[in-house]
Each structure stands twice: as C-alpha cells, then as structure tokens.
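A short write-up of the structure that comes next.
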Amino acid sequence: MPETALGRRQREQVRHRREVLAAAIQLFAEKGFNATTVQEVAQAAEFGVGTIYRLFPGGKDEIYLALKQRVVAAFEQELEYSFRGVDDPLEQVRRYIKASAQVYASHPREMGLYLQETAGAGFDLSRGLPDELARRYRACNERALRALTAAADQGLLHDLEPRAALLFLRMTLNGFLMNWLQSPQSQPLDQTLRLVERVFFHGVLAPGAGQSPA
C-alpha cells in the first residue's frame, strides 16, 4: 500500500520504523550485530526501549530481518525497472549486473553487515536468509538464469550449461562487488562493472592464449 494511502498514525509508525532502522544499521556496522543492544538502538534513535519493542516486537532480530527485507525488496525493484522493455538476453544479463551493483551501492552498510555476519555467504547470498526471503532472492537470480538460457538457445554462450554460467556470473559479480565494498574510494563502481562484464563476457585470457601446444 502506498504510504500516502495510510492514516496519520500509520504514516508516523512507518517514519519511526525508518528512524530505528537508520540508527540500528549504523550501530550494527560500527559495533557488529551481536555487540549491539536494543538499549543502544533506542538511545541512538531517541526512542524508549518500549517503543522499539512496539515497533519491532522481535527486538534486535526483527530489526535485522527488516534490514534484510529492505535489501531484497530493493533488488526486486531494481530488476523490475531494469528489465522493463528489454528482450535481448545479453542486455538482460548486463542489466542484472548493474541492478546487483546498485543494491550494493544504495545499501552498503546492510550488505557489509550481512556479508560480515555470514562470512561472505560462500558467494550464495541466499544463505543466512529466512526461507521466504531466500525464495525471493533466488527468484531475482532466476531472471538472470532465464536470460542465460535464452542466450544459450541462440548459440551466444560457450558450451556451458546455463546454471553453471549463472554460478560463474554470481561468483564473479559478488566477488568484485565485495572487494569494491571494502574500499569504494579506490575504484569507481562503473569501472568495477566494466571489469565484471569483461571477465564474464570475454574471460581473462588474451585471444589465442591458453591453447594447448600441438
């Protein structure tokens, strides 16, 4: 439901939840999730502890879940917007890469916290998510899989099963983006994306390199 359709109290509750989430992610990023207390979140958000539990009955765990939900929703929205009106499968893959990067760029603290808490999630970012959120995240990746399947059907891929191509894409993409997230000042994001595209679409070897001697 659009926020403008909500009543005054509901809009106020939405605003308060946002303020709590903003305070919480800053503390989680600085101190770590486990080291942060609900009392500290309440103080940073300038609310009483009772208000925190009224907004998030599950306390700190529910706050963290809300942060994860926000990131997955952002990924869904980015893909929905990026794929609109695009039929070329390779362009869809490029749009998937850019949408993924935009989520890292717009939610750097959330992504950094999640990667820290899950020890990198083994490059599978659905690990560590509740079942429903994991399903939604995997559905986002299915859009890339469908694009890669269409590309394979058109003879645009090497002799590689589309799911294997998706695994390679996700490992390459998340690896580069994790590295960018650690030091975003060292390299512009668009340059990082060009590297991802170059590695995925063209590989790392020069033409003719790596061939076995006759």
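The values are calculated or read from the model by the stated rules, or taken from the named source; none is laboratory data. Not measured: the values here are computed from a predicted model. Because the Cβ atoms are built from the backbone with ideal geometry, glycine has one as well, and the counts that use them run over all protein chains shown.
Of the listed requirements (1) more than 17 Å from Tyr96 (Cβ to Cβ); (2) free of Cβ contacts under 8 Å to residues at least 60 places away in the same chain; (3) surrounded by fewer than 17 Cβ atoms within 10 Å (Cβ to Cβ), Arg146 misses just one: (1).
Residue by residue, here is whether (1) in the same structural domain as Leu156 (by TED's automatic domain parsing); (2) under 30 Å from Glu40 (Cα atoms); (3) not hydrophobic (A, V, I, L, M, F, W, C) holds:
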site: Gly50; (1), (2), (3): no, yes, yes
site: Ala73; (1), (2), (3): yes, yes, no
site: Phe83; (1), (2), (3): yes, no, no
site: Leu90; (1), (2), (3): yes, no, no
site: Arg95; (1), (2), (3): yes, no, yes
site: Lys98; (1), (2), (3): yes, no, yes
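Val204 meets all of the listed conditions (1) crowded, with 17+ Cβ neighbours inside 10 Å; (2) assigned to a loop (DSSP other than H, G, I, E, B); (3) β-branched (Val, Ile, Thr) but one, namely (1). Answer yes or no as to whether Ala139 is at pLDDT 95 or above and not aromatic (Phe, Trp, Tyr). Yes; evaluated as a whole, the condition is true for this residue.
Given Leu156, Leu173, which one is assigned to a loop (DSSP other than H, G, I, E, B) and in contact (Cβ under 8 Å) with a residue 60 or more places away in the chain?
None of the other options fit; the residue is Leu156.
Consider Ser183 carefully, then state whether it is touching a helix residue (DSSP H, G or I) at 6+ places or on another chain (Cβ under 8 Å) and of a type outside the set (A, V, I, L, M, F, W, C). Answer is no for this residue. Lys98 passes every criterion in (1) touching an Asp or Glu at 6+ places or on another chain (Cβ under 9 Å); (2) farther than 23 Å from Thr192 by Cα apart from (2).
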